[in-house]
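Please read the structure below before turning to the comments.
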Amino acid sequence: MLMEITCKTNYDRKTLAAMSLAARKTLRRRFDRLGVRIYFWVVVALMAVSLWLSLDEPPSAALYAVFIALLVVIQLRQDAINAFFAHRRQVPGCEVSRTVFYPDCYVVTFLGAEAKWQYDKILLPLETRDYFILLLGKANAHALPKAGLEGAAPEQFRAFLAEKTGKPVQRVRRWNER
């Protein structure tokens, strides 16, 4: 007998940051590595040279130092920044969803409206420390907190997703996770 697997998701900034991390580390990986990081280091290097050349002008040097610090913070906190803006663009009332997994599909409910998804529409099933994330495209995903799973342990749910999607569940880690 198959148990019904359900999960309640609160799309707060932490959840949205995990979704941003998952997309950045998988679907947007090439862009993230080649485009943004190279551009970031070139701009920081130019700013550092400008800082060094303007040391005799304290206001200019301070301005360059502030810009360098701002760029580093943006680079290190990009997922949190993406989550902040995604949370602001979120449709009111869609902060909480309930997802029910069936043998042939899963159903996501927001505010009484239901969306039925086939497992073959999942591009990548992912796992972070606290979430399972189902990437449907570069800008679409469903997050499922491990703590909110009912009807299956995380290990069982991982196996369930791998079986239904035909794809292994990939582990996504932050730079400071083991």
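The values are calculated or read from the model by the stated rules, or taken from the named source; none is laboratory data. All of these numbers come straight from a predicted model, not from anything done at the bench. Positions of Cβ are backbone-derived with ideal geometry, glycine not excepted, and every protein chain shown enters the neighbour counts. Surface areas here come from the heavy atoms of the whole protein model, side chains and all, with no ligands, DNA or RNA. Shrake-Rupley method; radii C 1.70, N 1.55, O 1.52, S 1.80 Å.
Here residue 97 meets each of (1) assigned to a helix (DSSP H, G or I); (2) within 24 Å of residue 13 (Cβ to Cβ) with one exception, condition (1). For residue 50, the conditions (1) loosely packed, with under 15 Cβ neighbours inside 10 Å; (2) over 23 Å from the mean Cα position of the chain (by Cα) all hold with the exception of (1).
Any residue that is in contact with a Cys (Cβ under 7 Å, 6 or more places away or on another chain), open to solvent by less than 70 Å² (accessible area, probe 1.4 Å) and not acidic (Asp, Glu) - is there at least one of those in the stretch 103-116? Yes, some residue in the stretch 103-116 is in contact with a Cys (Cβ under 7 Å, 6 or more places away or on another chain), open to solvent by less than 70 Å² (accessible area, probe 1.4 Å) and not acidic (Asp, Glu).
Taking the criterion of being more than 16 Å from residue 24 (Cβ to Cβ) and surrounded by fewer than 18 Cβ atoms within 10 Å (Cβ to Cβ), the residues of the stretch 121-135 that qualify are 121, 130.
Regarding residue 152, is this residue open to solvent by less than 100 Å² (accessible area, probe 1.4 Å), in a loop (DSSP other than H, G, I, E, B), of a type in the set (A, V, I, L, M) and touching a helix residue (DSSP H, G or I) at 6+ places or on another chain (Cβ under 9 Å)? So residue 152 passes the test. Identify all residues within the stretch 107-143 that are more than 16 Å from residue 7 (Cα to Cα), over 15 Å from the mean Cα position of the chain (by Cα) and basic (Lys, Arg); write none if there are none. Of everything in the stretch 107-143, just one residue is more than 16 Å from residue 7 (Cα to Cα), over 15 Å from the mean Cα position of the chain (by Cα) and basic (Lys, Arg), namely 121. Residues in the stretch 61-99 that are touching a Ser or Thr at 6+ places or on another chain (Cβ under 8 Å), open to solvent by less than 40 Å² (accessible area, probe 1.4 Å) and more than 30 Å from residue 148 (Cα to Cα): 61 alone. Among the residues of the stretch 79-118, those that are among the small types (Gly, Ala, Ser) and touching a residue at least 40 places away in the same chain (Cβ under 8 Å) comprise 80, 83, 86, 97.
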